[in-house]
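Here is the structure we will look at, set down as structure tokens.
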Amino acid sequence: MPATARLFLSVALHMAAGAAVTAGAAVALGDLAGLPGLYPLTAMGCYAVVAVMMLLHLRGHAPHARFGAANRVTLLRGVIASLIGGTIPVIPHLSPEALWAVSLAALLALVLDGVDGWVARRTRMATAYGKQLDINFDTVLMGILAVLAWQDGKAGAWVLAIGLARYGFVAAGWVWPMLNAELPFSQRRRVICVVQIAVLLACILPVIQPPLSSLAAAAALGLLLFSFAVDTLWLVKAGADDGTRIDGYRDRDPAAGPARTES
């Protein structure tokens with residue numbers, strides 16, 4: 001069997017196992033917390049999004065033909081995020097104890113965010129695929145927690161910008177291809193991502209109430225926007241040094257060659 005087919009089969013089997021775990025856990029947790037039947041359905045809907053993400057960018061997993069331990073940890077993060085996301089339509093039914101459980105689950109997902117990268121390096125299976133999964137799952141978890149913070153009255157609708165910021169950045173890249181260029185590694189970017197998730201999961205805690213929750217979320221959003229501004233300025237400067245304007249085309253210098261396309 002070709003390596004690509006083996007990899008796809010491995011991913012598909014892991015996705016099926018993840019679906020079974022998510023469904024079983026959602027039903028059990030829903031019964032334990034006395035939640036409406038909508039909770040398992042919403043959790044499985046969130047898992048469907050996770051599964052699609054796991055199937056994207058598989059070419060970046062080359063040359064490995066197996067899913068790998070690091071990606072299993074990442075999949076576990078996806079299952080946890082799905083179980084958290086399932087609470088979005090039933091948050092009025094969540095008891096204070098359930099809200100503590102949601103925050104602790106988010107904390108576990110945050111801890112695992114560091115574990116999967118460590119496992120990937122230890123097993124020599126660090127790939128572009130795993131990196132993209134990390135980014136996608138962080139964004140999804142932030143979005144879910146932002147919605148919960150908003151629905152629980154801990155912050156205004158503006159808190160949703162924390163979960164939408166990266167999608168806005170990606171959309172800007174469609175208009176200005178310069179923004180699609182590869183960014184250098186940044187510890188600042190990683191730390192601020194952790195801060196976003198930590199602040200949002202804290203906001204869900206019953207002991208954190210407005211205006212403290214709103215102020216904390218606003219500070220986190222400010223840090224996030226600052227980080228995106230720094231990256232945008234770096235990309236613009238790098239594109240200008242490369243002879244590329246913000247509209248994605250080179251200055252019409254005959255020595256510059258044909259217009260550059262970026263992906």
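Within segment 214-230, the set of residues being small (Gly, Ala, Ser) and touching a residue at least 60 places away in the same chain (Cβ under 8 Å) comprises Ser214, Ala217, Ala218. With respect to Val90, is the statement that it is outside any loop (DSSP other than H, G, I, E, B), on the phi < 0 side of the Ramachandran plot, without any contact (Cβ under 8 Å) to a residue 60 or more places away in the chain and open to solvent by less than 30 Å² (accessible area, probe 1.4 Å) true? Considered against the rule, which asks whether it is outside any loop (DSSP other than H, G, I, E, B), on the phi < 0 side of the Ramachandran plot, without any contact (Cβ under 8 Å) to a residue 60 or more places away in the chain and open to solvent by less than 30 Å² (accessible area, probe 1.4 Å), Val90 comes out as yes.
Within segment 149-188, track down each residue that is assigned to a helix (DSSP H, G or I), aromatic (Phe, Trp, Tyr) and free of Cβ contacts under 8 Å to residues at least 12 places away in the same chain.
Trp150, Trp174
Do you know which of the residues in segment 6-21 that are open to solvent by 30 Å² or more (accessible area, probe 1.4 Å) and in contact (Cβ under 8 Å) with a residue 60 or more places away in the chain is nearest to Leu58 (Cα to Cα)? In this case the residue turns out to be Arg6.
Residues that are at pLDDT 95 or above, assigned to a helix (DSSP H, G or I) and more than 19 Å from the chain's Cα centre (by Cα) are absent from segment 236-258. Looking at segment 24-44, can you tell me whether even one residue there is open to solvent by less than 50 Å² (accessible area, probe 1.4 Å), out of contact with any strand residue (DSSP E or B) (no Cβ under 9 Å at 6 or more places or on another chain) and more than 19 Å from Ala98 (Cβ to Cβ)? No: zero hits. Of the candidates Ala51, Ala43, Ala16, Ala26, the single residue that is part of a helix (DSSP H, G or I), within 20 Å of Leu112 (Cβ to Cβ), modelled with pLDDT of 85 or more and over 18 Å from the mean Cα position of the chain (by Cα) is Ala26.
The lone criterion from (1) at pLDDT below 95; (2) open to solvent by less than 40 Å² (accessible area, probe 1.4 Å) left unmet by Ile80 is number (1).
Of all the residues in segment 45-72, those that are open to solvent by less than 70 Å² (accessible area, probe 1.4 Å) and within 15 Å of Ala16 (Cα to Cα) number 10. Screening the candidates Gly156, Gly168 for the property of being open to solvent by 20 Å² or more (accessible area, probe 1.4 Å), of a type outside the set (Ser, Thr, Tyr) and at pLDDT 95 or above yields one hit, Gly156.
The values are calculated or read from the model by the stated rules, or taken from the named source; none is laboratory data. None of these values were measured; they are calculated from a predicted model. Using ideal geometry, Cβ is built from the backbone for each residue, glycine included, and neighbour counts are taken over all protein chains shown. Heavy atoms of the whole protein, side chains included, go into the accessibility calculation; ligands, DNA and RNA do not. Shrake-Rupley method; radii C 1.70, N 1.55, O 1.52, S 1.80 Å.
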